[in-house]
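A quick write-up on the structure given underneath.
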Amino acid sequence: MARRTASDETSENQFERILGYSARASMVLVGFIALLFALKVGQVFLAPITLAIVVGLMFGPVADRVERFGIPPALSAGIVVLMLLGVIAAGILLFAVPLSEWVARAPMIWSKLQLQLKNLQGPMEALGAFQQQITSILGSDNAMAVTVEDGGQVIGFALIAPAILAQILIFLASLYFYVATRDHIRISILSLCVSRRVRWRTAHVFRDVEARVSRFLLSITFINFCVGCAVSLAMWAIGMPSPILWGAMAAVLNYIPYVGQGLMAVVLLAVGLGTQTGLENIVLPLGCYVTINFIEGQIVTPHFIGRTMTLNPFIIFLSITFWLWAWGPVGGLVAVPTLLIATSVMAHMLPSKPMLPSSPVRRTRNMSDREALLANTAKAIREQAQETSPAARNEKRKEERFEPPEGTAPSGVEAGV
């Protein structure tokens, strides 16, 4: 029987390694798809519980301070829930009166919007002509029509009202029990850790997650309150009706990065079109909001939160998009906190070393910061590849094989004697 060559054995080992990697990747893909399905199906149950945990992490330090006065955890959790209900009730009262006024003025605003949109009649006619050309090419005489059926709104609201009420009750109950038993939950999870190292890392994960999420949410709440006050003052200064409403709306929507700011800009533009005359008066509310939002995003938020908690904007956008698709508005609220939780867990469970070379690249006068960073990273990757190459590993093994144990000389006499 012919003996197999070394190249055949190497190719077979590589094929088996590829099969193993493919099997693992397939399992990860199947698990991710199952997770997406579970999140979508369990929205009614999972969304309020996740939001309760996020809010509980924010109010955890508040409950700790209340418990320092000798108040038991069950009572401190009730105080936290009552505080949250008070904030929500104040927000509803803040929105209710001016919002009812705008709802009453909605027909007048709509008629004014129609007058403003008459300037777009030319492009709309061109779009209609293009539609007729498309239908003639496709050979269909049926024009596209959109019909809006009136009625049924009351029935639809009556059908979804029990589900909304159930989610609110699940949220409040989950928040209470989480805040009341957060220490017991932490101790129970730590008791499941089999080794001291895993227990130490898990404890640090709990500490960092609560600290980062609480600091982030409390800082964002303070910043959003300041943004709401600034927007209200700006709207009052330019003569916009109901300035408190626009400030409160800006503060609430600012919890959802990118999406909330875009929605607020669209609302202010629509209100300007429906209530103001002249281009400068229409654009002025939007310009004031964009200016305030720019100052908040570029100066205030980095100063209060710090660069260390700044996340990649693309990752934030992906997280917001995913959670909005999965859970709607509730997903938008928990998108950034869940991202902070995930990064904290990964930082402790999968610690990584910075990509730094043994000696930094010599920087020239024309080299930018980005080019210097990329050059140092490329050099570090080359050094790591050389250290992990088969030849380097074999050489290191030979050195370790002939090297005497640490602290001994070749003759067996202690070093330095």
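The values are calculated or read from the model by the stated rules, or taken from the named source; none is laboratory data. This one's a predicted model, so the numbers in the text were calculated from it and none came from an experiment. Cβ sites come from the backbone with ideal geometry, for glycine too, and all protein chains shown count toward neighbours. Side chains are part of the model used for accessible areas, which takes the heavy atoms of the whole protein and leaves out ligands, DNA and RNA. Shrake-Rupley method; radii C 1.70, N 1.55, O 1.52, S 1.80 Å.
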Quiz prompt | Unmet criterion (only one of (1) out of contact with any Cys (no Cβ under 8 Å at 6 or more places or on another chain); (2) open to solvent by less than 40 Å² (accessible area, probe 1.4 Å)) for residue 291 | solution = (2)
Exercise. Search segment 80-103 for residues that are part of a helix (DSSP H, G or I) and pair each with any residue that is of a type in the set (S, T, N, Q) and surrounded by 11 or more Cβ atoms within 10 Å (Cβ to Cβ) when their beta-carbon atoms are under 6 Å apart and the residues are at least 6 apart or on different chains.
Key: 98/242
Self-check item: residue 228 vs. criteria part of a helix (DSSP H, G or I), without any contact (Cβ under 8 Å) to a residue 40 or more places away in the chain and open to solvent by less than 20 Å² (accessible area, probe 1.4 Å)
Solution: yes
Quiz item: Counting only residues that are part of a helix (DSSP H, G or I) and open to solvent by less than 30 Å² (accessible area, probe 1.4 Å), how many does segment 35-60 have?
Solution: 11
Exercise. Taking only segment 229-257 into account, find how many residues are closer than 17 Å to residue 298 by Cα and not aliphatic (A, V, I, L, M).
Key: 3
